[in-house]
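In what follows, a single structure is set out as structure tokens and then discussed.
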Amino acid sequence: MFSQTTQLISDYISYIEIEKGLSKNTVLAYQSDLVSFFDFLGEKKIDEITRKDFSSYTKFLARKEVNPTTITRKNASIKGFFKFLCYRRDIKSNPAISIISPKTPKKLPRVLSITEIEKILKNHLTPLELAVVELLYSSGIRVSELVNLNIKNIDLNLKVIKVFGKGSKERIVPINKKCVDRLKPYLKKRELLVLKNPNNALFLDDKGRKITRQKVYRIIRKQGELIDKKISPHTIRHSFATHLLECGADLRVVQELLGHSSIVTTQLYTHISKKTLRDVYFKCI
């Protein structure tokens, strides 16, 4: 890869990280996608790239049996990069504007029933496990939002948490009394942990360190085994949204709680709700 290309990628990464406020994981994914694309091109300079190169790259990924969803994401990273170059006038025209991604089947996310959620919460969980599962389900926040919560971001009296979502957008999310009650045993344990190792993070491991995304995934995966299902923190988020809609919550309210910038994203859960109703109907007749 040419040094000029490396510098342009570095400029773009700084742009999406600082000016657009994208998360660290998203930034790393964009960077990886761009490096892979230019490694494929070899010694080609930026201004030598044509529309045919993008088509060749997509076909190359398909031959390697890369998932269509992953190919679409990689293409989006490339499109964003070239749009940035056009905006800065590093290139005269945008050859990536015509990139065509493979069609990806729309998959409805896995959703747990209320009974399955209750079964998990009634299991013999540690105070940390109970607090993590309960807060994820009671608030619908993302795993990245959960691990980045500070102790000052939660108010048990007002029953709210202050969440910083994608693009560092702040939102206030309510939690119910049951959630508050299930958080209290963990918070007592946390008080002892911070005496040994001061830390502002809300969720800490047994050594007093801020818990990681991987730790949360392990906690949820372990609970999924109890109900013979492979689940993730996002499954809990999907379940939260679906259960709200099934109980009559307004779509705009759910959008605000989830921190979706577009109502279109939230509308996915209306399809899940309809599917659930249909499944229940056919079981009863």
Quiz item: Considering only DSSP states other than H, G, I, E and B, which trypsin sites (Lys or Arg not before Pro) in the range 203-264 qualify as loop sites with at most 14 other Cβ atoms within 10 Å?
Solution: K207, R209, K229, K230
Quiz item: If one takes the longest principal axis of the Cα atoms in the chain, at what angle in degrees, from 0 to 90 and to the nearest 10, does the Cα axis of helix 263-284 lie?
Solution: 50 degrees
Self-check item: Accessible-area composition of the chain, carbon plus sulfur, in percent [1.4 Å probe]
Solution: 53 percent
Exercise. Can you bin the range 8-104 into rounded, prolate or oblate? Criterion: square roots of the alpha carbon gyration tensor eigenvalues sorted a ≥ b ≥ c, rounded for a/c under 1.5, prolate for a/b above b/c, oblate for the rest.
Key: oblate
Quiz item: Among I71, V35, Y87, whose Cα sits farthest toward the positive end of the charge dipole of the chain (+1 at Cβ of Lys/Arg, -1 at Cβ of Asp/Glu, about the Cα centre)?
Solution: I71
Quiz prompt | Correct choice for volume of the Cα convex hull per residue in Å³ that was computed from the model, options [x] 126; [y] 150; [z] 172 | solution = [z]
Exercise. Taking the Cα atoms of the range 145-263, report the difference between the largest and smallest coordinate on each principal axis, in whole Å and largest first.
Key: 45, 36, 29
Quiz item: Got the relative contact order for the range 114-207 handy, in percent, Cα pairs under 8 Å and 6 or more residues apart?
Solution: 31 percent
Quiz item: Per residue, how many Å² of accessible area does the range 1-97 show with a 1.4 Å probe?
Solution: 62 Å²
Quiz item: Residue by residue through the range 211-224, which ³J(HN,Hα) values in whole Hz follow from phi under the Karplus form 6.51 cos²θ - 1.76 cosθ + 1.60 (θ = phi - 60°), with glycine and proline marked x?
Solution: 6, 9, 4, 4, 5, 5, 4, 5, 4, 5, 4, 4, 5, x
Exercise. Please compute the net charge surrounding E170, taking Lys and Arg as +1 and Asp and Glu as -1 over other residues with Cβ under 15 Å from its Cβ.
Key: +3
Practice problem: Loop only per DSSP, at most 16 neighbouring Cβ atoms within 10 Å: give me the trypsin sites (Lys or Arg not before Pro) in the range 44-96, ordered by residue number. | Solution: K44, K45, K64, R88, R89, K92
Quiz prompt | Expected 222 nm ellipticity per residue - DSSP helices of 4 or more, -39500 (n - 2.57), all of the chain, to 500 | solution = -19000 deg cm²/dmol
Quiz prompt | Euclidean distance between Cα centres, the range 110-129 to the range 157-229, Å | solution = 15 Å
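Please tell me the relative contact order of the chain in percent, rounded to the nearest whole number, where contacts are Cα pairs under 8 Å and at least six residues apart.
Normalised by residue count, the contact order of the chain is 17 percent.
The values are calculated or read from the model by the stated rules, or taken from the named source; none is laboratory data. Being a predicted model, the structure only gives us computed values, none of them experimental. As a convention, Cβ positions derive from the backbone with ideal geometry for all residues, glycine included, and neighbour counts pool all protein chains shown. Ligands, DNA and RNA are excluded from the accessible area calculation, which covers all protein heavy atoms including side chains. Shrake-Rupley method; radii C 1.70, N 1.55, O 1.52, S 1.80 Å.
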